[in-house]
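The values are calculated or read from the model by the stated rules, or taken from the named source; none is laboratory data. Computed from a predicted model, the values in this text were never measured in an experiment. Methodologically, a virtual Cβ is constructed for each residue, glycine included, from the backbone with ideal geometry; neighbour enumeration extends over all protein chains shown.
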Amino acid sequence: MRIALACDHAAVALKDELAAWLAEQGHEIADLGTHGTESVDYPDYGYRLARHVAAGKSERGIALCGSGIGIAIAVNRHPALRCAQVAEPVSARLAREHNDANAIALGARLIGTEMAKACVEAFLAASFLGGRHSHRVDQLGQPVLEGVSA
C-alpha cells in the first residue's frame, strides 16, 4: 500500500519510526515532512498530506503532531479527506469500517511507539463496511445546509 506520512516538529521521531516500520512491511512510503525539530506550523503539513492523498498519490495518510488534534483538523479541511484522531486500535479500526477514513492522526506526546503501531496496523487492516454507513459518509462530503436547526 502507498502511505503518506506528515508531521510537525513535535512528532518527527514518531513519524520516522513509523515510516521505517511500514517500509519494512513492504509499504511504499511518502514522507511529506517535516524532517527536523525546528518549530513549524502543523496546518502546512496537514494540508500537504490532504492534497497528496486527495490526488491519489497515496492510498492512506498518517498525520502526526503533539496531540494529533490540530493536524487532524487541518487534514479535514480538504473535502476529500476523512481523518480521525485516534489513540487506540479500536478507534482506528472503526474509523475505517464506519467512516471510510482515509487518514488517521496520532498525538506523539500522548501515545508511545507501540500503541501508535497498533493504531496504524488496525487502520490499515480494516475495510469500509459500506451498507448503513455509506449514506452517512456521503453526507460528510456535502456542504453544511443553511436553515438546518442545531
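Residue pairs whose Cβ atoms lie under 6 Å apart, separated by 6 or more positions or on different chains, with the first residue in region 1-14 and within 21 Å of G26 (Cβ to Cβ) and surrounded by 19 or more Cβ atoms within 10 Å (Cβ to Cβ) and the second of a type in the set (S, T, N, Q) and modelled with pLDDT of 95 or more, are I3/S58; A4/S58. Of a type in the set (A, V, I, L, M, F, W, C) and over 16 Å from K15 (Cα atoms): is that true of A54 in this structure? Against the criterion (of a type in the set (A, V, I, L, M, F, W, C) and over 16 Å from K15 (Cα atoms)), A54 qualifies.
Restricting V137, V90 to residues that are assigned to a helix (DSSP H, G or I), touching a residue at least 40 places away in the same chain (Cβ under 8 Å) and among the aliphatic types (A, V, I, L, M) narrows the list to V137.
Does any residue of region 32-51 turn out to be of a type in the set (A, V, I, L, M), assigned to a helix (DSSP H, G or I), touching a His at 6+ places or on another chain (Cβ under 6 Å) and crowded, with 17+ Cβ neighbours inside 10 Å? Taking every residue of region 32-51 in turn, at least one turns out to be of a type in the set (A, V, I, L, M), assigned to a helix (DSSP H, G or I), touching a His at 6+ places or on another chain (Cβ under 6 Å) and crowded, with 17+ Cβ neighbours inside 10 Å.
In region 119-133, what count of residues is obtained for those that are over 15 Å from L64 (Cα atoms), in contact (Cβ under 8 Å) with a residue 24 or more places away in the chain and assigned to a helix (DSSP H, G or I)? The qualifying residues number 5. Of all the criteria given as (1) touching a helix residue (DSSP H, G or I) at 6+ places or on another chain (Cβ under 9 Å); (2) surrounded by fewer than 16 Cβ atoms within 10 Å (Cβ to Cβ); (3) among the aliphatic types (A, V, I, L, M), the one not satisfied by I69 is (1).
Only a single item in (1) closer than 27 Å to G141 by Cα; (2) surrounded by fewer than 16 Cβ atoms within 10 Å (Cβ to Cβ); (3) over 13 Å from the mean Cα position of the chain (by Cα) is not met by E59, and it is number (3).
Looking across region 101-110 at every residue that is surrounded by 19 or more Cβ atoms within 10 Å (Cβ to Cβ) and in contact (Cβ under 8 Å) with a residue 24 or more places away in the chain, the one that is farthest from the chain's Cα centre (by Cα) is identified as A108.
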